[in-house]
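Reading through the structure tokens given below for one structure.
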């Protein structure tokens, strides 16, 4: 018998029939002898509908009121889910974030969890009942006001509760089957991973893979909560996210891609100390996060260099506006902006101990006739920027080159067989 | 400067534009120098929609979960209203029933308010802000669970808060202009009352007038809270409900009617002690509330009598079924059931000190050719049962006979001029 925290996203509880389907799954888990605590998101488009309503009222709603408004969505889904479980003959009780002891700071709209005191949840489980908890919300106990946790908040609620309850596993249900070696819409031969480490899934997420929110993975890593990413629409096992296990974890986890970035190049920047610092100070001052940075060594004699960096394309205007305002001060001759780029990232905890990964990557792209514009690396990630049009072909070429295609031998990528 | 509690019903906040219109009215009250606490119901059909959702899940939802579900509606309307007020340049903060200190017993679905501790509301008003409170909901502090107050709950919330805050007046806004001398759909010449006492409005409500819920009026009477019933769709004064004021209150407040009743007659009941008690014990045991009762003295010699009573027509089957089961025990010969009846009630605190009211009523009906089937009286009410088809004509005849029509001299009914 285990203690299992299950989290169901909005698409899993989109209407009454879906709520009943999820209830049946929960009841099956309970009847298999496990204690079950469920975290649930708002139904389908409820949250977006509430945001629309607020926008009809005012374009600048106070964030405290916005949080009260949005938390209504999970109250609806959690109580309906409790009713559906009860109708199947298993007692269930629903709890708001506040009632579940999810305590946050006072940053409305994107509050951070500072403590979880789930005594009512523990009592409910001890009484043999299923506990349903509203995701995405907590309470700022100083003001006694409700808060929301921001994007990915329900996943974070689930992991935080799993940590506080010392659950055996936190199951995150959505409409995807698990973590894949690449986006199956681009690489039809992409495979679902059986297991992946926290670091690798973090790099995947940061590199554009739509899997778990980094914040939730970081929480799971800190408290060592095993997370099982799986689909509520099938009974298949998904992907287990745990701490690194060299015997189980693939050397290369997968190929992520991101086409939401743009590239800024400042041409002919004087190659003197402090210029780069000033450039990124200006960009940071405009509230823009940058990703990759490339600065070439200046060609001998000219005393000038080019500085390129990538950033979210949505922040393009803000960043270029801020940089144009300091053109004379920085002394660059020209600003180039390109939002037709794509970023490919090869991720895997094993690659740090395996030489030759980067050479293999560059060969694969070269063989496919794809030009590389920028390169950056971390311990367990290797990213390159290509033209946006080349990105799908690049992802497929790299996926194949590293033996990730589903018709290839699994031993090539799993379990320390080395290369 | 006054402290005003305003309550807006669902039809007053049915959509974003209505919320903005109500916000403008609140801001105008605030800018006139008053402190304003607002109680708001769920938007339009929200509550019915949530009930529908629950019914799609199960026909027998646990009441605790039902209460959590339904309280979502007021969270939405209250936060949107706070945003709309904020957008007009006045600070506003919304509060759940729990945050506003509305403490109830644990009877989910129809909880009774046992205390109101509105310290956060008082602080908000002291800070010069508008306080918005979710109607219809409270907290059962023993279990720390939300509860709902049942039908008319938002009106009761408003009056309870007005009492706890020692407000100068509690304004109840809806889509009607106030309390009328009769239903304007039946009596086009019906007049809006300027003022009415708690007792009279209670009798009006109990007699079928769709004005204030009795529970809310009883609360107002107990704590002596003046209630101003008015429309959110106009700036006209409505009707002030206060304790009896012989100088201000009309002798006859109005003519109420109710066509939702039915009549049961047991024919040839043995006229021996205990039979009537047994009959009404059986009806009460079936959970049916009865209204009027008539038992004739038995015609000399027969030793038998007829017993008639009225009850809500929706309970007709339950009551007749229970009575048929005890037919031999009670010894009646026949059970007659008639759901084509109507009840007319003349209500007014002044009538107890004015003789001749009943004679005038019977004359008016007789002149209109309307037969009276049953009669019952209280201190300030006189009710008769007629055929359902006669009810509209009966209401109009009585309304005219007592000088309530709007083209007649107001002095006839207002202010102790006597007759």
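Dividing the summed -39500 (n - 2.57) terms of all DSSP H runs of n ≥ 4 by the residue count of chain A sets its mean residue ellipticity at 222 nm at -10000 deg cm²/dmol.
For the pair the stretch B:347-371 / the stretch A:150-215, the C-alpha centres are spaced 78 Å from each other.
Its residue count N fixes a reference of 2.2 N^0.38 Å for the protein assembly as shown, and the Cα radius of gyration divided by that reference is 1.26. Solvent-free Debye calculation, one equal scatterer per alpha-carbon of the stretch A:228-386: log10 I(q)/I(0) at 0.18 Å⁻¹ equals -1.12. Applying D = kT/(6 pi eta Rh) to the stretch A:168-293, where Rh is the Kirkwood radius over alpha-carbon pairs, T corresponds to 25 °C and eta to 0.890 mPa s, the Stokes-Einstein value obtained is 147 µm²/s.
Of the residues A:124, A:318, A:47, the one that moves most in a GNM of chain A with alpha-carbon contacts below 10 Å is A:318. Kirkwood hydrodynamic radius of the stretch B:228-316, from the reciprocal of the average inverse Cα-Cα distance over all distinct pairs: 17.1 Å. Reported value for the stretch A:122-230: 127 Å³ per residue, from the convex hull of its C-alpha atoms.
Take every pair of alpha-carbon atoms less than 8 Å apart whose residues are at least six positions apart; their mean separation over the length of the stretch A:95-194 yields a relative contact order of 24 percent.
Have a look at the DSSP beta bridges in the stretch B:84-202 and tell me what percent are antiparallel, nearest 5. Here the share of antiparallel DSSP bridges comes out near 60 percent.
Here residue B:21 and residue B:91 are evaluated by their C-beta separation; at R0 = 22 Å the FRET efficiency comes out at 0.65. Between 0 and 90 degrees, the angle of helix B:357-367 with respect to the longest Cα principal axis of chain B falls at about 70 degrees.
Note on B:199, B:74, A:329, A:65: ascending count of other Cβ atoms within 10 Å places them as A:329, B:199, A:65, B:74, the fewest first.
Is the stretch B:208-261 best put as rounded, prolate or oblate by its Cα gyration tensor, with a ≥ b ≥ c the root eigenvalues, rounded for a/c under 1.5, and otherwise prolate when a/b is larger than b/c, oblate when not? In terms of gyration-tensor shape, rounded. Ordered by the count of other Cβ atoms within 10 Å of each Cβ, fewest first, A:112, A:215 give A:112, A:215. The shape of the stretch A:329-374 comes out prolate: with a ≥ b ≥ c from the C-alpha gyration tensor, a/c is at least 1.5 and a/b beats b/c.
Once the Cα atoms are used to define both axes, helix A:63-87 deviates from the longest principal axis of chain A by about 50 degrees.
Please express the shape of chain B as an equivalent ellipsoid: the semi-axes are the square roots of 5 times the eigenvalues of the C-alpha gyration tensor, given largest first in whole angstrom. Walk me through the intermediate numbers first.
Numbers: eigenvalues 350, 161, 61 Å².
Computed over chain B, the values are 42, 28, 17 Å.
Just check the stretch B:1-123 against the gyration tensor rule for me: Cα atoms, a ≥ b ≥ c as the square roots of the eigenvalues, rounded for a/c under 1.5, and otherwise prolate or oblate depending on whether a/b exceeds b/c. Since a/c reaches 1.5 but b/c is at least a/b, the shape of the stretch B:1-123 is classed as oblate.
Tell me, A:123, B:373 in order of fewest to most beta-carbon neighbours within 10 Å?
A:123, B:373
Specify the residue with the greatest mean-square fluctuation among A:154, A:366, A:18, computed from a Gaussian network of chain A linking alpha-carbon atoms under 10 Å apart. Answer for the Gaussian network model of chain A: A:366.
Using only alpha carbon pairs under 8 Å that are at least six residues apart, calculate the relative contact order of chain B and give it in whole percent. Computed value for chain B: 14 percent relative contact order. So how tilted is helix A:16-31 from the main axis of chain A? Cα-based, degrees 0 to 90, rounded to 10. On a 0 to 90 degree scale, this one is about 70. Reducing the stretch B:106-127 and the stretch B:29-67 to their Cα centroids gives an inter-centroid distance of 16 Å.
Here chain A carries DSSP beta bridges of which approximately 60% are antiparallel, counting only pairs with both residues inside. Taking the empirical scaling 2.2 N^0.38 Å for compact globular proteins as reference, the stretch A:50-175 has a Cα radius of gyration ratio of 1.08. Working from Cα pairs under 8 Å separated by at least six residues, relative contact order for the stretch A:17-82 is 47 percent.
Readers should treat all values here as calculations from the given coordinates under stated rules, not as data from a laboratory. Predicted model only: the values in this text are computed from it and were never measured. Glycine also receives a Cβ, built like all others from the backbone with ideal geometry; neighbour counts cover every protein chain displayed.
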